[in-house]
Amino acid sequence: MSTATRRIPLSSPWIDERDEELVLEVLRSGRLSLGPTGPRFESLLCDATGARHAAAVSSGTAGLHLCMRLVGVGPRDEVITSPYSFVASANCALYEGATPVFADIDTRTLNLDPAAVEAVITDRTKAVVAVDIFGYPAEYDELRAICERHGLALVEDACEALGARYKGALLGSHGWPAVFAFYPNKQITTGEGGAVTTASAEEHELLVSLRNQGRLDTASWLQHGRFGFNYRLDDVSAALGISQLEKLDLILEARRDVARRYAELLADVDVELPLADDADHERSWFVYVVKLPRGVDRDGVLGRLAGDGVAGAPYLPSIHLQPYMRDRFGFSEGLCPVSEDCSARTLALPFHARLAREDQEYVADRLRDALG
Ligand SMILES: Cc1ncc(COP(=O)(O)O)c(C=O)c1O
């Protein structure tokens, strides 16, 4: 078969004329930052998440960092989080001089195993950063009960999960701080960007001040009431966020359809498919990650797919085994065996809202062949 011209990317944002129109409007308005577009985007984000408050920020990473400030994480504290995630969910603790502590994951959900979380709590533990990996909600009832029992803060890394629901309620609406991200591979994009939602007016006020160099509502531009950061989202990005949110329902439905089609097309392929929703967990599809059988040469599979023009990725390496984590904390294999096993076998396939059925058929065929 000729495969010379076919190129199927891992992800692709949905950008159309409405996005261009709203971005152009802001460019022409001359209000490129701290104008009226940011608050409009935040208000629509509240609608989309059911949150009482939303603070837009410059990235998901910035949002996670601000949450560490919000809950008072500092040097010598420990922050428990998932090893099977993107590095930012652990790095936010490092930014404040705290130590990330990795608890193993559940092999089915790929999210934190609450029992593993409880097992690593010490008198230095300050917070738990739970991650909704690949858009699948973590076990919040159990995690919240553990946090309450031990006096810990709960922060949700929902960077991959805009539109997902836990126990029927949208992520972002549950009250504790939740962080979303809008990099171009996410459900919606603002180029770079993110947001923190919370039910607390006090927390929201602090977030707004911290992202804006510690300025206070009451003070002048060059007065800084506290030590802060420049984690603001500009108005051009916020405009893109508005047009993206306008089509959020369409995007989420299209992504669900793409996932449904993959499940059909891969039914006879020897891989484990992503976990299906249940009454408590409604995934918002972020990436489509399959688990290869033990013993399969994943790099070989990825290489064969790449040769056929199909982008794939070894999602996700375990954070504790990243070189800088090993160097700094002496982490090694065996610390989180479930995560390590998943890291060795999971593979992300091309996935986005407008992935054509023919391309999905091609991906499924190429994967079937690559697995021999
Ligand atoms: C789970 C998770 N946390 C945090 C982030 C960080 O978001 P950003 O890239 O916007 O800083 C990402 C982004 O890929 C993510 O997937």
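Ordering of 327-334, 80-87 by packing is 80-87, 327-334, highest average first (other Cβ atoms within 10 Å, averaged per residue).
Classify region 127-260 from the C-alpha gyration tensor, please: rounded if a/c falls under 1.5, else prolate or oblate depending on whether a/b exceeds b/c.
oblate
Once each part is reduced to its C-alpha centroid, what is the distance from region 251-278 to region 100-125 in angstrom? Centre-to-centre (Cα) distance: 28 Å.
Among bridges DSSP assigns within the chain, what percent are antiparallel (round to 5)? Bridges in the chain are about 55 percent antiparallel.
Share of antiparallel DSSP beta bridges in region 17-158, in percent to the nearest 5? Don't skip to the end; give the middle numbers.
Values: 1 of 14 bridges.
Bridges in region 17-158 that DSSP calls antiparallel: roughly 5 percent.
Between the residues Thr346, Tyr315, Gly330, the greatest Cα displacement towards the positive end of the dipole of region 231-372, with unit charges on the Cβ of Lys, Arg, Asp and Glu, is found for Gly330. Classified by the C-alpha gyration tensor, region 1-130 has an oblate form. Its axis ratio a/c, with a ≥ b ≥ c, is 1.5 or above, and a/b does not exceed b/c. Considering the options Ala88, Thr61, Gly38, tell which one lies farthest towards the positive end of the dipole of region 27-116, charges being +1 on Lys and Arg and -1 on Asp and Glu at the Cβ, about the Cα centre. Going by the Cα projections, it comes out as Gly38. Taking only the alpha carbons of the chain, we obtain Rg and Dmax values of 20.8, 68 Å in that order.
With charges only on Cβ, +1 for K and R and -1 for D and E, what is the dipole size of region 1-50 about its Cα centre, in debye, rounded to 20? Before the final figure, lay out the partial values.
Numbers: 6 positive and 8 negative charges, 50 e Å.
Approximately 240 debye in magnitude.
Size of the dipole of region 253-352 about the Cα centre, Lys and Arg at +1 and Asp and Glu at -1 on the beta carbon, nothing else charged, in debye to 20?
Details: 12 positive and 17 negative charges, 62 e Å.
Its charge dipole is roughly 300 debye.
Using the Karplus relation 6.51 cos²θ - 1.76 cosθ + 1.60 with θ = phi - 60°, the per-residue 3J(HN,Hα) values for region 76-87 come to 6, 6, 10, 10, 8, 8, 8, x, 9, 7, 7, 4 Hz, with x marking Gly and Pro. For the chain, a simple Cβ point-charge model (Lys and Arg +1, Asp and Glu -1, everything else neutral) yields a dipole of about 720 debye relative to the Cα centre.
Neighbours of Gly312, meaning other residues whose beta-carbon lies under 15 angstrom from its beta-carbon, give a summed charge of +2 when Lys and Arg score +1 and Asp and Glu score -1. Within region 37-123, the trypsin sites (Lys or Arg not before Pro) that combine a DSSP coil assignment with at most 14 other C-beta atoms in a 10 angstrom radius are Arg76, Arg108. Mean residue ellipticity at 222 nm, helices only, the chain: -11500 deg cm²/dmol; runs of at least 4 DSSP H residues each add -39,500 (n - 2.57), and the sum is divided by the number of residues. Take the residue pairs Lys167/Lys291; Lys186/Lys291; Lys126/Lys291 and return only those whose Cα atoms are more than 28 Å apart. Correct reply: Lys126/Lys291. Placing dummy labels 7 Å off each Cα toward the beta-carbon, the span from Glu246 to Arg357 is 2.9 nm. Among 119-126, 231-238, the peptide with the highest mean count of other Cβ atoms within 10 Å heads the list, and the full ranking is 231-238, 119-126.
Values in this text are rule-based calculations from the coordinates and carry no lab data. Small disclaimer: the values here were computed from a predicted structure and weren't measured. Reconstructed Cβ throughout: ideal geometry from the backbone, glycine too, with neighbour counts over all protein chains shown.
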